[in-house]
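Below is one structure, written out as structure tokens, with a few remarks after it.
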Amino acid sequence: MDQQLQADAQRIAAQMGEALEPKLVLQQPYGADIELPERLASLLLNVVESLAEKGAVRVQVLPEELTTSLASAILGVSRPTLMKRIEAGEIPAHKVGSHTRINRDDLMRYRRSQEARRQAAIEGFLDIDDDL
């Protein structure tokens, strides 16, 4: 891993801090600047944060239909935990023979909703702390 790249990522991550609504703009030398959509900006910032923390990033295109093993790895939970969430109806899934499959977009939607819930909980704790 290029140490300079990791150092640059650490510097940028520190400057960004905990930006709740990141905005990234591509500056063109001859032409209008392009503001990236929030989801794309957030993705790129996640790449920078991963570089800063771990020094490496792997970008991979996910198939439209995911196995439970891959889906659990994406969510950072065990496969049994994923299956409980599927059985509870929290994550849509379907069977292919005897195997459970999850649509990539459904999983990403669930992941975003979980991240939003976590962020709301953190903000709630911060509000409580401000009240004390």
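So residue 29 ticks every box in (1) closer than 27 Å to residue 15 by Cα; (2) surrounded by 12 or more Cβ atoms within 10 Å (Cβ to Cβ) but one. Which box is left unticked?
Of everything listed in (1) closer than 27 Å to residue 15 by Cα; (2) surrounded by 12 or more Cβ atoms within 10 Å (Cβ to Cβ), residue 29 misses just condition (2).
Where residues in region 81-110 are in a helix (DSSP H, G or I) and hydroxyl-bearing (Ser, Thr, Tyr), which of them is farthest from residue 63 (Cα to Cα)? Before the answer, list the steps.
Within region 81-110, the first condition is being in a helix (DSSP H, G or I), and the residues that meet it are 81-87, 104-110.
Filter once more, keeping what is hydroxyl-bearing (Ser, Thr, Tyr): 81, 110.
On the way: 81: 22, 110: 17 Å.
Among those residues, the one meeting the criterion is 81.
Taking residue 45 as the residue in question, decide whether it is more than 20 Å from residue 108 (Cβ to Cβ) and surrounded by 16 or more Cβ atoms within 10 Å (Cβ to Cβ).
Numbers: more than 20 Å from residue 108 (Cβ to Cβ): no; surrounded by 16 or more Cβ atoms within 10 Å (Cβ to Cβ): yes.
Taking the combined requirement at face value, the residue does not satisfy it.
Check whether at least one residue in region 92-100 is more than 30 Å from residue 5 (Cα to Cα), hydrophobic (A, V, I, L, M, F, W, C) and surrounded by 11 or more Cβ atoms within 10 Å (Cβ to Cβ), and report yes or no.
yes
Please work out if residue 50 is more than 20 Å from residue 119 (Cβ to Cβ), of a type outside the set (A, V, I, L, M, F, W, C) and either part of a helix (DSSP H, G or I) or at pLDDT 85 or above (or both). Outline the logic, then answer.
Working: more than 20 Å from residue 119 (Cβ to Cβ): no; of a type outside the set (A, V, I, L, M, F, W, C): yes; either part of a helix (DSSP H, G or I) or at pLDDT 85 or above (or both): yes.
It is false that residue 50 is more than 20 Å from residue 119 (Cβ to Cβ), of a type outside the set (A, V, I, L, M, F, W, C) and either part of a helix (DSSP H, G or I) or at pLDDT 85 or above (or both).
Which numbered condition trips up residue 114, out of (1) polar (S, T, N, Q); (2) at pLDDT below 95; (3) open to solvent by 80 Å² or more (accessible area, probe 1.4 Å)?
The one condition residue 114 does not meet is (3).
The values are calculated or read from the model by the stated rules, or taken from the named source; none is laboratory data. Because the structure is predicted, anything quoted here is derived from the model rather than measured. Reconstructed Cβ throughout: ideal geometry from the backbone, glycine too, with neighbour counts over all protein chains shown. The protein model used for the area step is the full one, side chains on, heavy atoms only, and it has no ligands, DNA or RNA in it. Shrake-Rupley method; radii C 1.70, N 1.55, O 1.52, S 1.80 Å.
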